[in-house]
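*Asks:* One structure is given below, represented as structure tokens, and several questions about it will come after.
Coordinate-derived values only; no laboratory data. As the structure is a prediction and not an experimental result, all values here were calculated from the model. Cβ atoms come from the backbone with ideal geometry, glycine included; neighbour counts cover every protein chain shown.
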Amino acid sequence: MDIQPITQYTGKVVPLFNDNIDTDQIIPKVHLKRITKTGFGPFAFDEWRYLPDGSDNPDFNLNKPKYKGASILITGDNFGCGSSREHAAWALKDFGFNIIIAGGFSDIFYMNCTKNGMLPIVLNEQSRKYLADQNNITVDLPNQTVSANHQSFHFDIDETWKDKLINGLDDIAITLKYEELIEKYEKTM
């Protein structure tokens, strides 16, 4: 899964205003049989997206025509709680989400998002409800704002994660920046 830089990003939103959505609801354990990071998207929110016969649940927002192609998820508090499975972040990224805006995240899920090139943003409920009523919103990571229709909301992010996401870097890419020094050190061993 390549990590693409996020600087200014405009995307379609889909609201899913549930609190305490856990990683098992994001990607049920029955789908954790892959050995790669890809291919989990079709199983994201599996138990909510599909009816018992396997057809799309027309009442679930991700299946509604007006939200097709959404790449920004706006959700409730404590998103990604539960187990530490990184598969949840992989499933959301593979589904097509690049940004998740919530009232809060579990710490491990937040880290899994940043390590997989997704930007997790914490905003208050009033801001999220306003943004959820918009079709498209713009996220400006360098300036740490989310805006739509001339309204802008500031968000906080650790400078380390901000730098990684702006530059499209994962931990391996950061390590490779020091490849020459590593090789030099290894020659002394």
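*Asks:* Over 20 Å between C-alpha atoms is what I'm after, so list which of 129/162; 33/162; 37/115; 33/164; 115/162; 12/93 land there.
*Replies:* Details: 129/162 24 Å; 33/162 32 Å; 37/115 12 Å; 33/164 29 Å; 115/162 11 Å; 12/93 15 Å.
Those over the limit are 129/162; 33/162; 33/164.
*Asks:* Something else now. Could you name the lysines in cross-link range of residue 187, using Cα to Cα under 18 Å and dropping any fewer than eight places away on the same chain?
*Replies:* Correct list for residue 187: 177.
*Asks:* Just want the answer: with Cβ charges of +1 for Lys and Arg and -1 for Asp and Glu, which residue in 76, 112, 28 is farthest toward the dipole's positive end in the range 8-187?
*Replies:* 28
*Asks:* In addition: Springs between alpha-carbon atoms under 10 Å, Gaussian network over the chain: tell me which of 101, 121, 157 tops the mean-square fluctuations.
*Replies:* 157
*Asks:* Using a Gaussian network model of the chain whose springs link C-alpha atoms within less than 10 Å, name the residue from 179, 125, 159 with the highest mean-square fluctuation.
*Replies:* So, out of 179, 125, 159, the one fluctuating most is 179.
*Asks:* Restricting things to alpha carbons, find the Rg to Rh ratio for the range 33-101 using the Kirkwood radius for Rh.
*Replies:* 0.95
*Asks:* Apply the Debye scattering formula to the range 8-187, with a single equal point scatterer on each alpha-carbon and no solvent, then give log10 I(q)/I(0) at q = 0.13, 0.20 Å⁻¹.
*Replies:* -0.67, -1.43
*Asks:* Show the residues, 5+ positions off or on another chain, whose built amide H is closer than 5 Å to the amide H of residue 50.
*Replies:* Amide H neighbours of residue 50: 57.
*Asks:* Let me ask something additional. Leaving out same-chain residues fewer than 8 places away, which aspartates and glutamates sit with a Cα under 16 Å from that of residue 29?
*Replies:* Partners found: 46, 47, 86.
*Asks:* Still on this model: Springs between alpha-carbon pairs under 10 angstrom, Gaussian network model over the chain: which of 110, 50, 178 fluctuates most?
*Replies:* Evaluated over the chain, the most mobile residue of the options is 178.
*Asks:* For an R0 of 45 angstrom, estimate the FRET efficiency from the Cβ-Cβ distance between residue 184 and residue 12 and round to the nearest 0.05.
*Replies:* After rounding to 0.05, the efficiency reads 0.40.
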